[in-house]
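The values are calculated or read from the model by the stated rules, or taken from the named source; none is laboratory data. Computed from a prediction, not measured in an experiment: that's the story for all the values here. Ideal geometry is used to build each Cβ from the backbone, glycine not excepted, and the neighbour counts take in all protein chains shown. The accessibility values were calculated without ligands, DNA or RNA, using every heavy atom of the protein model including side chains. Shrake-Rupley method; radii C 1.70, N 1.55, O 1.52, S 1.80 Å.
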Amino acid sequence: PNASIYINNEADIALTQTINGVTGSIPQVNVGDIVTYIVTATNNGPNTAHNIIISDIAPALEDLTITPSNGSGTYSNGIWTINSLTQGAFATLTITGKATAAMAGNNTANTATVTNQTEYDPTPATTTEQVYTKLANVVITNTANQSTLNVGDKATFTITVTNTGPDPAKCALI
């Protein structure tokens, strides 16, 4: 009689992420601050994983650099490809850039998702983390105590500085 043997190779790739060294909460940055997302892919086994494809469209940061850890594969056009990870091994993708004015007042997310691999993955992984870029809106008004002045008249000018927020304005130079 003929017999069939089915071999079920399984490799559980887990994804985690930090922003500026923080995970699980939303860090706050100012416009122009460096933002670093580090995505970590870990093989929880039980077998070696091959041809791992992770989708990660990087946030719109200024001076953006995206670097896979040494020997961990390549990154191009939103796709991080890892050739293989043995059980217990991990690889990282570092995304670094400056927070932009367009990000101010908003949470900016980075999402990475395992989209394919050779071995069966019982729990396909996705990780999303956000950074909040602070927004201050400083308004300066100048008013005089008189609407008309003649040469030699004395007047008092009042300069008012107001932050309409929503975030505090620190170290503002006026």
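Observations
- For the stretch 60-86, the tally of residues that are more than 19 Å from THR115 (Cα to Cα) and outside any strand (DSSP E or B) stands at 5.
- Yes/no for THR164 being under 29 Å from the mean Cα position of the chain (by Cα) and surrounded by fewer than 14 Cβ atoms within 10 Å (Cβ to Cβ): yes
- Output for the stretch 34-57, where each listed residue is within 17 Å of VAL131 (Cα to Cα), open to solvent by less than 40 Å² (accessible area, probe 1.4 Å) and out of contact with any Asp or Glu (no Cβ under 9 Å at 6 or more places or on another chain): VAL35, THR36, ASP56
- Just one of the listed residues (ALA112, ALA99, ALA89, ALA136) is surrounded by fewer than 17 Cβ atoms within 10 Å (Cβ to Cβ) and either without any contact (Cβ under 8 Å) to a residue 60 or more places away in the chain or within 23 Å of ASP33 (Cα to Cα) (or both), namely ALA89.
- Taking residues in the stretch 14-38 that are in contact (Cβ under 8 Å) with a residue 60 or more places away in the chain, and partners anywhere that are exposed (fewer than 13 other Cβ atoms within 10 Å of the Cβ) and of a type in the set (A, V, I, L, M, F, W, C), the pairs with Cβ atoms closer than 7 Å and at least 6 places apart or on different chains are VAL31/ALA101.
- Scanning the stretch 96-125 for residues that are over 23 Å from HIS50 (Cα atoms) and in a strand (DSSP E or B) yields THR96, GLY97, LYS98, ALA104, ASN107, THR108, ALA109, ASN110.
- Conditions (1) open to solvent by less than 40 Å² (accessible area, probe 1.4 Å); (2) touching a helix residue (DSSP H, G or I) at 6+ places or on another chain (Cβ under 8 Å): number failed by ALA60: (1)
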